Structure formats: C-alpha cells, structure tokens
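The block underneath contains the structure these notes are about, expressed in structure tokens.
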Amino acid sequence: MINKLKLEIEKLSHEADQLRLLYTKRDKILDLVFEGQYGSDLENKLERELDWLTEQRHQVDQANFRWKQAQLHTKDACRLLSEAIKNWKTLIDISERDSEKRYICTNQVRNKLVESIQNLQIAQNYLPNISFPYCNSDEVQTLEKAISYIFTDMQTQDRFQHALSCYETTLKRTAALRQWLEQVLNSTIARDLYEISEDCKVKSAELRAERIRLIKQRVKDTTGKDIDSIGEMSLEMRDSGVDSELEESLADEQLARLFDSRDGRRTTSLTPNPTKTPFYLPTPLPSGDLAPIPSNEQIFGKIQEVRNRHRQEILDFQRAQKMNQIRMMQGLKSKLAERRHRRSRMEMHNRELQALSETP
C-alpha cells in the first residue's frame, strides 16, 4: 500500500512539473511576441485581477484544508471516545476475581481516551485563531485528569459510574464540535471556495481570449493575413486549460485526501463507509442550537487586507495610466506645435523667396 501511494505521489509530482514547464513556455512565448511588454492595457488589467483572485482563492483553499483536517481529527476523536465507552461498559461483565482481564480492558480504554485527546489537540492546532465552542482546553484537561484516576475508578461502582458520565459528556461535546466544524465547512467555506473558483475561471477565460486576440492582431500586422486559429488549438476556452491552474492550487488538498488523518490508510471519501460497523454517536444537535459560526476573518484570515491591497494597486495602475495618457497628449501637442512652427517657417521662407524673385 505504501509503495502504491509513493508511485501515485511521484506521478502527481511529475504532472505538476510538466504543468510548471508549460506555464514557463507560455510566459516565454508572450515575452517573445510582445517584446516583454503587455499587449494592451486590458491584458494588464485582466492579469492583475486574476492574480488578485488567485491570491484570494489560495487563502480560501488553505482555510478549507485546515478546517477539513480539524474536522477529520475530531471525527477520529468521536470514534475513539465511542469505542472507549463501549469497552468501559464491558468492564461490568468481567468478574472482579479476574483482575488481569479487568486491567487489560481498563488499559485499552485509557489508551483510546489518550488518543482521542491527542486528536482534539491536533484539531485545535490546525485552527489556532479559533476558540472551540466545545472541547476547549479546559474540557480536555478535565478529561486528562479523569484518565489519571481510571485505575481507581474501575474498582468501585460509584467511581465507575462517575467516570462513565464524564466520558459520555465528553463524547457529546466532541460530537457537537464535529457537527459545528462540518456546518462551517458546508455553509461558508465550500460556498466561498466554489464562488472564488468560478470567478477565477471566468477571469482566466477573459485573459486568454484577450491574449489570443492580441496574438492574432500581431500576426495580421506582421503578415497581413487573418487567421481563425493558432496551430491546432481552438479559440474556445477548454475546461482543462482553465482548470489546470485551479488543480495546481488544490494539490495540497488532493494529496491530503490520499491518507486517513490517523493511521495513513487510503481513503476515497470523507463520508463514513456503510460497509463498516458504525460507531455510536449522540443525537445531533439542531442547527439552531449549535454555537455561532466564526467571522470570515477568523475563518479565512485577513483577506480584507488582500482586497484593500488590490484596490490600492488598481488605483495606482489607473493613476499611472492617466499620467501616461497626459504625457502622451502633451508630447503630441508639442509635436503638433513644432510641426506648425516648421510649416509657418517654411511658408515665411517661401514668401520671402517669392518676394525676392518679384523684385526688379
């Protein structure tokens, strides 16, 4: 299995290298055709807008990756807590005389509880700027304290029930955390990721169409002939051509989905496998009872700074374009004035010559 995964990663890496080579080749062709300059102001504007959208998409995609990883680790914590509770309940059926078997069972419960805590801590580490509404650090410390007394709790019925209540409460809170993370992923991040990806597709199509138009115009200016196509490539936007840039930015997520977040097993879906025995989960909370969804800045980071920076770049670009137009107009006016001055001098010179020729 590990060798198979390594081969697939090598294949993906090779495809990514080939894609980067194609981008480099494209840039060289554009530099050669337009002599290192932009073919038009529109191309410059579209490229700036696409760069801005790509930067936003990168931030949204990174947020999607972090939240999905946190959700996966929380799901693992739910599974481990459920298995620990199930094993803890079987302790009742083991005779007190069989101390070795009771110890083995309790130790298994302890190991699963410790592993569930590790998953909760990893989930929090993926989202350091988010305060979890459930299973925060104080609650995790409470569970850690309960685990430290587990071999005492196994000895009496009262302590056994108290520990069981603590474990079940933690499971309910962990399930609520998982549900809350899924709500953020499905209601906010997935929607924003789709919208920004569609915006990138549209802007990529516009930029590509403008570049093709400019190349056709350059060919016509050079050869005097019109062309309907360049090589064998259709002028229509192909999905694969546009999506290639999107696929490159989503590579981290695709590679992450090759592995189960816990033990490296391959997974083809983030949904539970119906062929496997499902683990027990508490009844999901109504959406209205879940904790509020964090703000966009908490989820995606300081994306507003990216937007403000882009607006400033656009304003600077427009200001520079306006100054260039003013300089061009001033240069044109000065050239016209110089041309009129030369013309008037020539006319004066001709009149003087004519006057001299008419003098007896």
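Residues are listed down the side, and each one gets a yes or a no for (1) of a type in the set (Val, Ile, Thr); (2) modelled with pLDDT under 95; (3) crowded, with 21+ Cβ neighbours inside 10 Å:
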| position | (1), (2), (3) |
| --- | --- |
| 81 | no, no, yes |
| 92 | yes, yes, no |
| 119 | no, no, yes |
| 134 | no, yes, yes |
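Yes/no per residue for (1) modelled with pLDDT under 85; (2) out of contact with any helix residue (DSSP H, G or I) (no Cβ under 6 Å at 6 or more places or on another chain):
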| position | (1), (2) |
| --- | --- |
| 198 | no, yes |
| 206 | no, no |
| 219 | yes, yes |
| 228 | yes, yes |
| 232 | yes, yes |
Quick check on residue 77: is it touching a Ser or Thr at 6+ places or on another chain (Cβ under 7 Å) and in the same structural domain as residue 153 (by the TED database)? yes
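Look at residue 225 and say whether it is surrounded by fewer than 20 Cβ atoms within 10 Å (Cβ to Cβ), over 29 Å from the mean Cα position of the chain (by Cα) and assigned to a helix (DSSP H, G or I).
Details: surrounded by fewer than 20 Cβ atoms within 10 Å (Cβ to Cβ): yes; over 29 Å from the mean Cα position of the chain (by Cα): yes; assigned to a helix (DSSP H, G or I): no.
So residue 225 does not fit the description; no.
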Go through the residues of the stretch 180-195 one by one and say whether even a single one is acidic (Asp, Glu), within 16 Å of the chain's Cα centre (by Cα) and at pLDDT 85 or above. yes
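Of the residues 51, 61, 31, only one is charged (D, E, K, R), assigned to a helix (DSSP H, G or I) and closer than 30 Å to residue 122 by Cβ; which? Quick ask: steps written out before the conclusion?
Working: 51 fails: closer than 30 Å to residue 122 by Cβ; 31 fails: closer than 30 Å to residue 122 by Cβ.
The unique qualifying residue is 61.
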Would a scan of the stretch 47-60 turn up a residue that is under 30 Å from residue 217 (Cβ atoms), touching a Lys or Arg at 6+ places or on another chain (Cβ under 7 Å), of a type in the set (A, V, I, L, M) and in the same structural domain as residue 173 (by the TED database)? yes
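Quick one: would you say residue 153 is assigned by the TED database to the domain that holds residue 70 and farther than 30 Å from residue 48 by Cα?
On the way: assigned by the TED database to the domain that holds residue 70: yes; farther than 30 Å from residue 48 by Cα: yes.
Yes: the conditions hold for residue 153.
The values are calculated or read from the model by the stated rules, or taken from the named source; none is laboratory data. This one's a predicted model, so the numbers in the text were calculated from it and none came from an experiment. Positions of Cβ are backbone-derived with ideal geometry, glycine not excepted, and every protein chain shown enters the neighbour counts.
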